[in-house]
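J.: Here it is, the structure, as structure tokens.
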Amino acid sequence: MRILVLHKGYGCDTGCCGHAVEVDGVEAKFKFTHPYKGEDFRAFAERIVREAGCDPGDLDFEGSVVVMDTYGCW
């Protein structure tokens, strides 16, 4: 099982963004949420993976790359 947490836009023209949890390439959950100010990225990823009904233990955070993307809301 491969679980990814991705920062992405929602819809073509909304201009809104949040984070999606993908399990084996299929989006399991999208939330209009970002890490709370000062929240550790790992804690954030584990929290939204848990909220998507998945086991945060399956999240390979050590093998991940945290990317600050260009959606403009960081």
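The values are calculated or read from the model by the stated rules, or taken from the named source; none is laboratory data. All figures in this text were calculated on a predicted structure; none of them were measured in a lab. Please note: Cβ atoms are built from the backbone with ideal geometry, for glycine as well, and neighbour counts cover all protein chains shown.
J.: Quick one: what pairs do we get from segment 52-74, first residue within 18 Å of residue 42 (Cβ to Cβ), second charged (D, E, K, R) and at pLDDT 75 or above, C-beta under 7 Å, 6+ apart or different chains?
T.: Here the result reads 52/29; 56/46; 56/50; 59/46; 61/42, each pair linking segment 52-74 to a residue that is charged (D, E, K, R) and at pLDDT 75 or above.
J.: Taking into account only those residues within segment 24-50 that are acidic (Asp, Glu) and surrounded by 13 or more Cβ atoms within 10 Å (Cβ to Cβ), which is nearest to residue 8 (Cα to Cα)?
T.: 27
J.: Further, regarding this structure: Could you say which residue among 46, 27, 51, 39 is at negative phi, among the charged types (D, E, K, R) and more than 13 Å from the chain's Cα centre (by Cα)? Give the derivation first.
T.: On the way: 46 fails: more than 13 Å from the chain's Cα centre (by Cα); 27 fails: more than 13 Å from the chain's Cα centre (by Cα); 51 fails: more than 13 Å from the chain's Cα centre (by Cα).
Of 46, 27, 51, 39, the one residue that is at negative phi, among the charged types (D, E, K, R) and more than 13 Å from the chain's Cα centre (by Cα) is 39.
J.: Please determine, by comparing only the residues of segment 11-23 that are surrounded by 10 or more Cβ atoms within 10 Å (Cβ to Cβ) and more than 13 Å from the chain's Cα centre (by Cα), which one is modelled with the lowest pLDDT.
T.: Within segment 11-23, the subset surrounded by 10 or more Cβ atoms within 10 Å (Cβ to Cβ) is 15-23.
In the following step, the residues that additionally are more than 13 Å from the chain's Cα centre (by Cα) were identified as 15-16.
Working: 15: 65, 16: 77.
If we take residues in segment 11-23 being surrounded by 10 or more Cβ atoms within 10 Å (Cβ to Cβ) and more than 13 Å from the chain's Cα centre (by Cα), then 15 is modelled with the lowest pLDDT.
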